[in-house]
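Participant: Input: one structure, supplied below.
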Amino acid sequence: MKTKIFENLSELNKDFTLWLKELLSEKETLSIALSGGSTPKSLFNYWAKNHADDIDWKKIKFFWGDERCVWPSDEESNYKMTKDYLFDHIEVPAENIFRIRGENDPYKEARSYEELLRNELEETNELGVPQFDIVMLGMGDDGHTASIFPHEMNMWDSSNLCVVATHPESRQRRVSLSGQTINAAKHVVFLVTGAAKAKKVKAIIENNEEAKSKYPAAKVAPSSGNLTWYLDSYAGKLLKEKK
Ligand code: 6PG
């Protein structure tokens, strides 16, 4: 596991982009599962403003780690956020975009997204789980990741590739990747910013065994070993060793 702490969001965005470009230069196509939340929003906006022309977007296949069960035109939709901040500003063919259909019955959608992952992702791990090149994750203030929340820890261990989760307060349904799908990825990256996350970041990184029973984000441990936490100085402020 690697931890990278940046002065600010703009430094974080720059470094993450350099890494993405490097990985992209080695590959014909690259599959990425995107996350919702505020940090990706800033990254998408940065890409749209600064990298519309120097990243070969056609090589990237876009998926999602989770989606809220709403219409794609709804302000709550993770797809809509990505469309507004990124897709509307870059050249990416529609056939490269594989959204989770939040407007469908969530249970049916979870099954059909699984099928889609099996068809679209070229490689699988030794357990036959489709492998994303990159899974991008955020972490909620309560320690949730993708849409696996602390009150539904069991969803992490589902034998399905995708699960139907429920937001603890709004009761909104979400379709999310399960733990096995996230941990099968070749690279998993957390993008986490803001002081509100600092305590959980410390607990998860420095006291992982204990945190694993409480926070879904602590269960992220890709079998590839390639896990990187991208933090801003606020989210990383309580870590003992600042890297
Ligand atoms: C979602 C996300 C979720 C998000 C965290 C962090 O759809 O809600 O995928 O897991 O990444 O809640 O969000 P913030 O960056 O806004 O705190």
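Participant: Starting from the eigenvalues of the Cα gyration tensor, five times each then square-rooted, give me the equivalent ellipsoid semi-axes of region 176-239, largest first, whole Å. Intermediate results must be reported in sequence, preceding the final value.
Facilitator: Values: eigenvalues 82, 36, 20 Å².
Whole-Å semi-axes of the equivalent ellipsoid: 20, 13, 10.
Participant: I'd like the distance separating the alpha-carbon centroids of region 99-138 and region 145-160, in whole Å.
Facilitator: 15 Å
Participant: Okay, next question. Tell me the GluC sites (Glu not before Pro) within region 20-71 that lie in a loop according to DSSP and have at most 14 other beta-carbon atoms within 10 Å. Display every interim value, and only then the final one.
Facilitator: On the way: sites: 22, 26, 28, 67; in loops: 26, 28.
Those that pass, being in a loop and sparsely packed, are 26, 28.
Participant: For region 28-37, take each phi angle, set θ = phi - 60°, evaluate the Karplus expression 6.51 cos²θ - 1.76 cosθ + 1.60, and give the result in whole Hz per residue in order, putting x for glycine and proline.
Facilitator: 6, 9, 9, 9, 9, 9, 8, 10, x, x
Participant: Given R₀ = 35 Å, FRET efficiency for residue 88-residue 221 by Cβ-Cβ distance, to 0.05?
Facilitator: Values: r = 35 Å, r/R0 = 1.01.
Plugging the Cβ-Cβ distance into 1/(1 + (r/R0)^6) gives 0.50.
Participant: Hey, what's region 49-183 come to in accessible area per residue, 1.4 Å probe, Å²? Each step should come with its number before you reach the end.
Facilitator: On the way: 6230 Å² over 135 residues.
That works out to 46 Å² for each residue.
Participant: Calculate the FRET efficiency for residue 124 and residue 213 from the Cβ-Cβ distance with a Förster distance of 30 Å, rounded to the nearest 0.05. Working shown, then result.
Facilitator: On the way: r = 29 Å, r/R0 = 0.97.
Efficiency at R0 = 30 Å is approximately 0.55.
Participant: Got the relative contact order for region 43-174 handy, in percent, Cα pairs under 8 Å and 6 or more residues apart? Provide the component values of the computation, followed by the final result.
Facilitator: Values: 153 pairs, mean separation 31.4, N = 132.
Reported as a whole number, the value is 24 percent.
Participant: Determine the share of the chain's accessible area contributed by carbon and sulfur atoms, expressed in whole percent, with a 1.4 angstrom probe.
Facilitator: Values: 5150 of 11170 Å².
Here carbon and sulfur together make up 46 percent of the probe-accessible area.
Participant: Let me ask another. What does the C-alpha gyration tensor say about the overall shape of region 69-200? Classify as rounded when a/c is under 1.5, otherwise prolate if a/b is larger than b/c, or oblate.
Facilitator: Working: a/c = 1.24, a/b = 1.06, b/c = 1.17.
Judged from the Cα gyration tensor, region 69-200 comes out rounded (a/c under 1.5).
Participant: Now, a different point. Would you mind classifying the chain by shape? Square roots of the alpha carbon gyration tensor eigenvalues, ordered a ≥ b ≥ c; an a/c under 1.5 is rounded, otherwise it is prolate if a/b is larger than b/c and oblate if not.
Facilitator: Taking the square roots of the gyration eigenvalues as a ≥ b ≥ c, the chain is rounded.
Participant: Calculate one ³J(HN,Hα) per residue across region 43-54 by plugging θ = phi - 60° into the Karplus curve 6.51 cos²θ - 1.76 cosθ + 1.60, and present them in order as whole Hz with x for glycine and proline.
Facilitator: Karplus values, whole Hz, x for Gly and Pro: 5, 4, 5, 5, 4, 4, 7, 10, 10, 4, 9, 10.
Participant: If you don't mind, there's one more thing I want to ask. Grab the other residues whose beta carbon is less than 14 angstrom from that of residue 9, score K and R as +1, D and E as -1, and report the net. List each step's numbers first, then the result.
Facilitator: On the way: positive: 4, 14, 41, 49, 197; negative: 7, 11, 15, 232.
Around residue 9, the surrounding residues sum to +1.
Participant: By how many nm would the segment from residue 237 to residue 206 lengthen if fully extended, with 0.36 nm per residue of separation less the alpha-carbon distance?
Facilitator: Details: separation 31, 0.36 × 31 = 11.16 nm, distance 1.28 nm.
Extra length available between residue 237 and residue 206 comes to 9.9 nm.
Participant: For the chain, with a Gaussian network of springs between Cα atoms less than 10 Å apart, report the residue from 34, 161, 18 with the top mean-square fluctuation.
Facilitator: In this elastic network of the chain, the residue with the biggest mean-square fluctuation among 34, 161, 18 is 18.
Participant: For region 73-143, what is the relative contact order in percent, using Cα pairs closer than 8 Å and at least 6 residues apart in sequence? Intermediate results must be reported in sequence, preceding the final value.
Facilitator: Working: 22 pairs, mean separation 10.4, N = 71.
Value for region 73-143: 15 percent.
Participant: Counting other Cβ atoms within 10 Å, which GluC sites (Glu not before Pro) in region 164-233 have at most 14 and lie in a DSSP loop? Each step should come with its number before you reach the end.
Facilitator: On the way: sites: 169, 206, 209, 210; in loops: 169.
Of the GluC sites (Glu not before Pro), the ones in loops of region 164-233 whose Cβ has at most 14 other Cβ atoms within 10 Å are 169.
The values are calculated or read from the model by the stated rules, or taken from the named source; none is laboratory data. All values reported here derive from a predicted model rather than from experimental measurement. Positions of Cβ are generated from backbone atoms using ideal geometry, with glycine treated the same way; all protein chains shown enter the neighbour counts. Accessible surface areas use protein heavy atoms only, side chains included; no ligands, DNA or RNA. Shrake-Rupley method; radii C 1.70, N 1.55, O 1.52, S 1.80 Å.
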